[in-house]
Amino acid sequence: MSEEKVSYRDAGVDIDAGNDFVEAIKADVKSTFDENVIGGIGSFAGAYALPQGYKEPVLLSATDGVGTKLKLAIESGRLDTVGIDLVAMCVNDLICNFGTPMFFLDYYATGKLSPADAKKVVSGIAEGCRRGQCALIGGETAEMPGMYAPKDFDLAGFSVGIAERSEMDRISRVKPGQILLALPSSGVHSNGYSLVRKLFFDKLGMRLDDEFEGRPLIETLLEPTRIYVPEFKANKERIVALAHITGGGIVENLPRVLPEGVRALVNRSKIRTLPIFDFMARYVDEEEMYRTFNMGVGMIWVVEPSEVDSILAATDAYVIGELATGERGVTLA
């Protein structure tokens, strides 16, 4: 038996690289802090003081990942935007329960830690937090050789928000006669990428750098998920209910804010589909498209008819339908 000593580095884990990474991200992380953040990066847990002014504050939490969109980021070496996606998928869910995002944490697991690559990812997370108006107060980086290939990594995000208890039940406020407003998506967002990859690269044999709509295809596919927190905050008093359009599309996500006896009538011709979806629709059944992708609609707001004009004037929202009496669900006509 050999007497040679074995180190953690020999096992594939570089503690020094991890420490260098933590130092490299401190400025980005700190840029997301607000007056409620207590302490700084480097402790065992993040601390955040509850905002004042709530009568019955309720904490809301959301967690998500980026899915196989990460595969495209890794293959292309474009790592600076998937962090925005990670934050978006969580905070866009929080606001649907009328929660205001407060803070965010991330989990980054990889086969071999590259401080430079990890910094790009966390810089994207910090940018997502700035857009989502929440603080990045902690995270975990795990180097796991043997679990992941050296260049592979996975991301998970966790966000906590705060809401007034009396404002959380939105479904009871939803009624026939109210109007459906669409807020445009920025692209595919973070759902359906297994189908995207199957179509573009397996079936059509396209390459990441092929031109699509005047720029490399990979730029369109990695366009970060839009974050709707600023619009929500600015129009909170005018909104009856919100639906984040993610996996399952409009037909599966919009019913989550509808009570029994109310049906959403969506005018398909009013939906401003994006070129990427128009292209994919040549090869994918329309029903499958609407069950998988957002089709250009990242969020739907339910509003009173009297509020429509003021919201349209203040945002890029547009009318796509209305609510009527009927079986709970969505009619795309």
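The values are calculated or read from the model by the stated rules, or taken from the named source; none is laboratory data. These numbers come from a predicted model, not from an experiment. Heads up, the Cβs are rebuilt from the backbone with ideal geometry, glycines too, and the neighbour counts pull from every protein chain shown. Ligands, DNA and RNA are excluded from the accessible area calculation, which covers all protein heavy atoms including side chains. Shrake-Rupley method; radii C 1.70, N 1.55, O 1.52, S 1.80 Å.
Values for this structure:
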read-out: Total residues in segment 79-117, condition part of a loop (DSSP other than H, G, I, E, B) and of a type outside the set (D, E, K, R); value: 7
read-out: Residue, surrounded by the fewest Cβ atoms within 10 Å (Cβ to Cβ), within segment 50-86, restricted to residues that are under 11 Å from V160 (Cα atoms) and touching a helix residue (DSSP H, G or I) at 6+ places or on another chain (Cβ under 6 Å); value: V58
read-out: Qualifying residues in segment 312-333 (those that are open to solvent by less than 20 Å² (accessible area, probe 1.4 Å) and in contact with a helix residue (DSSP H, G or I) (Cβ under 8 Å, 6 or more places away or on another chain)) - the one nearest to A88 (Cα to Cα); value: A317
read-out: Residue satisfying condition, being touching a Lys or Arg at 6+ places or on another chain (Cβ under 6 Å), in a loop (DSSP other than H, G, I, E, B) and within 22 Å of N97 (Cα to Cα), within set E307, E260; value: E260
read-out: T100 being hydroxyl-bearing (S, T, Y), modelled with pLDDT under 95 and touching a strand residue (DSSP E or B) at 6+ places or on another chain (Cβ under 7 Å); value: no
read-out: Members of segment 263-304 found to be closer than 24 Å to V240 by Cα, among the charged types (D, E, K, R) and part of a loop (DSSP other than H, G, I, E, B), listed by number; value: R272, E304
read-out: Subset of segment 272-284 (residues that are in contact with a Leu (Cβ under 8 Å, 6 or more places away or on another chain) and open to solvent by 30 Å² or more (accessible area, probe 1.4 Å)); value: Y283
read-out: Pairs where the first residue, in segment 53-71, is more than 21 Å from A109 (Cα to Cα) and part of a strand (DSSP E or B) and the second is open to solvent by 80 Å² or more (accessible area, probe 1.4 Å) and not hydrophobic (A, V, I, L, M, F, W, C), C-beta under 8 Å, 6+ apart; value: P57/R165; V58/R165
read-out: Positions within segment 256-271 being open to solvent by 10 Å² or more (accessible area, probe 1.4 Å) and either among the charged types (D, E, K, R) or closer than 15 Å to I320 by Cβ (or both), in sequence order; value: R256, V257, E260, R263, L265, N267, R268, S269, K270, I271
read-out: Search result, residues across segment 62-89 that are touching a Ser or Thr at 6+ places or on another chain (Cβ under 6 Å) and basic (K, R); value: K69
read-out: Residues located in segment 285-311, provided they are open to solvent by less than 10 Å² (accessible area, probe 1.4 Å) and among the β-branched types (V, I, T); value: V297, I300, V302, V303, I311
read-out: Residue pairs meeting the criteria (Cβ under 8 Å; at least 6 apart or on separate chains; first touching a residue at least 12 places away in the same chain (Cβ under 8 Å) and of a type outside the set (A, V, I, L, M, F, W, C), in segment 275-290; second open to solvent by 60 Å² or more (accessible area, probe 1.4 Å) and in a loop (DSSP other than H, G, I, E, B)); value: P275/E213
read-out: Of all residues making up segment 217-252, the number that are crowded, with 17+ Cβ neighbours inside 10 Å, under 17 Å from P101 (Cα atoms) and not aliphatic (A, V, I, L, M); value: 7
read-out: Only one of D28, D34 that is within 22 Å of the chain's Cα centre (by Cα) and assigned to a loop (DSSP other than H, G, I, E, B); value: D34
